[in-house]
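Below is one structure, written out as structure tokens, with a few remarks after it.
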Amino acid sequence: MTLPSALSCKSSFSYDEYGQSDFVIDIREDQTLREHLEVMFPGDRFTQWDEQHRYAVDALSVFYEPGSDDGGSRDVLLEVSPSLTLFNVLTKAGRVPKMPVFHILAEGSAALATFRETHEIRPLSSTKKR
């Protein structure tokens, strides 16, 4: 039996501004979020729901939803760099949910400003490792 060189899992990319999401069936721990975003939002073609053509790989803000320790209703979201691998995100956050969820929003959008106002957001680097 040959073991895979990297672990993989399912993940969800949520586009809160439009109430849309993508279910990523196989994201490997050694892949960056950017690798997936480049395929999904290359900048020379756009999704049907992105009528303003703002969702391009170099113009996106990404937030990781690690889940709550206490089951509280106001979870902290972690702002992450798309250049990080899934492994980096999960280990730096110190929490591995059953299915990682990432929120993707267009930089400079009103939706991003509202998202920041209505969520508790911290940079990933300030998160304590557990």
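The values are calculated or read from the model by the stated rules, or taken from the named source; none is laboratory data. Computed from a prediction, not measured in an experiment: that's the story for all the values here. Note that we place each Cβ from the backbone using ideal geometry, even for glycine, and neighbour counts take in every protein chain shown. The accessibility values were calculated without ligands, DNA or RNA, using every heavy atom of the protein model including side chains. Shrake-Rupley method; radii C 1.70, N 1.55, O 1.52, S 1.80 Å.
Selection within segment 77-93: residues that are within 12 Å of Pro123 (Cα to Cα) and open to solvent by 30 Å² or more (accessible area, probe 1.4 Å). The member of this set that is modelled with the lowest pLDDT is Lys92.
Pairing residues of segment 40-61 that are without any contact (Cβ under 8 Å) to a residue 12 or more places away in the chain with residues that are open to solvent by 100 Å² or more (accessible area, probe 1.4 Å) and not aliphatic (A, V, I, L, M), at Cβ distances under 6 Å and at least 6 apart in sequence or on separate chains, gives Phe46/His53. Looking at Ser68, Ser61, just one residue is at pLDDT 95 or above and either touching a strand residue (DSSP E or B) at 6+ places or on another chain (Cβ under 9 Å) or more than 21 Å from Gly19 (Cβ to Cβ) (or both), and that residue is Ser61. Of note, Thr47 satisfies the criterion of being closer than 17 Å to Tyr18 by Cα and at pLDDT below 95.
Hey, could you check segment 94-127 for residues that are among the hydroxyl-bearing types (Ser, Thr, Tyr) and in contact (Cβ under 8 Å) with a residue 40 or more places away in the chain and say which is most open to solvent (accessible area, probe 1.4 Å)? Spell out the reasoning first.
Step one: filter segment 94-127 for residues among the hydroxyl-bearing types (Ser, Thr, Tyr), giving 109, 114, 118, 125-127.
Then keep just the ones that are in contact (Cβ under 8 Å) with a residue 40 or more places away in the chain; that gives 109, 127.
Details: Ser109: 9, Thr127: 35 Å².
Filtering segment 94-127 for residues that are among the hydroxyl-bearing types (Ser, Thr, Tyr) and in contact (Cβ under 8 Å) with a residue 40 or more places away in the chain, the one most open to solvent (accessible area, probe 1.4 Å) comes out as Thr127.
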